[in-house]
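Quick notes on the structure that follows.
All of the numbers you see were taken from the coordinates with simple rules; none came from a lab. Fair warning: this is a prediction, and the values are worked out from it, not measured in the lab. Cβ placement follows ideal geometry from the backbone for every residue including glycine, while neighbour counts extend to all protein chains displayed.
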Amino acid sequence: MGAFSTTPLGAAPQSDSAAAESSRPVWAIVSRLVAWVIFAGGMVGAVMGIVDLRVLVTVAGLILASTAGLVLLKLRADAHGSA
């Protein structure tokens with residue numbers, strides 16, 4: 001009896017994720033892209049510092065990557081909080 005009390009899948013309204021993505025402000029997209037580039041650059045710098053055995057390069061790369069990672073987490077939390 002309970003199986004017949006729900007709406008069929010074809011009749012249930014479905015949210016369009018593409019419409020939600022396009023409503024995102026341009027600055028949010030650009031800031032996420034910049035943060036990802038800085039994160040990737042920090043990781044590459046850290047790896048290059050490890051390969052060359054340079055502590056300063058490794059630490060600078062890790063600082064860049066961790067800071068960009070924190071910014072990405074903040075942007076993600078803000079996007080989920082406002083949605």
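Quick notes
- Alpha-carbon gyration tensor eigenvalues x 5, square-rooted, for the stretch 31-83, Å: 27, 9, 6
- As a rough footprinting exposure proxy, the listed residues 73, 62 were ranked by other beta carbons within 10 Å of their own, and the order from fewest upward is 73, 62.
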